[in-house]
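**Q** Structure in structure tokens, see below.
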Amino acid sequence: FQEKRYDGSGPPPDGPSGQDIPLGSRLLKVALDYDTLICSGSDKARALAVMRERSGWYDPRVFEAFATLAKSREGFTRSDVATADLTPGMVLAGDVTVAGEAMASGTIVDQGLISRLRQAGDQAPDTVAVYAPPEVDCALCRLDPELAETLREERQHRDD
């Protein structure tokens, strides 16, 4: 249901609407549409503005929480981290070049980037300046405690 719009439009044609759409699908709808806009060349502000104009497409609470998190670096801490200690979700605080490959400041650290740095061995820097993100659950708790609790409950239900 991640293509399903909050107002019930979109595939599948006879699917649910509103709160009857699974929360995971409502979250994915926002994240996937944002990613599509960013990958198409929109900056964060423009992507969020386009999405805000799409009346009925998104769960308002999910969208507002996402928009707030997307616009904010609140809680991110800048530090120099050993290459061996990098974790997905960190953000490069400066440009890094390894074996001729440039990784720009602002790049989100993922498993592929970590692997490339580790495989570079002596050619990789010992430490990398990064912004470490806050705990997502904590940030979401501040933004929308009820939504955060719903996510925790669904995660617990899934893990049981």
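**Q** Quick check on my filter: what residues within the stretch 20-47 are under 14 Å from the mean Cα position of the chain (by Cα), over 16 Å from ARG5 (Cα atoms) and of a type in the set (A, V, I, L, M, F, W, C)?
**A** LEU37, ILE38, CYS39, ALA47
**Q** Is it fair to say ALA104 is closer than 30 Å to LEU27 by Cβ, among the hydrophobic types (A, V, I, L, M, F, W, C), surrounded by fewer than 16 Cβ atoms within 10 Å (Cβ to Cβ) and modelled with pLDDT of 80 or more?
**A** yes
**Q** Check ASP80, ASP59, ASP43 and return the single one that is surrounded by 15 or more Cβ atoms within 10 Å (Cβ to Cβ) and not polar (S, T, N, Q).
**A** Only one candidate passes the filter, namely ASP59.
The values are calculated or read from the model by the stated rules, or taken from the named source; none is laboratory data. Keep in mind the model is a prediction, meaning the values are calculated, not measured. Using ideal geometry, Cβ is built from the backbone for each residue, glycine included, and neighbour counts are taken over all protein chains shown.
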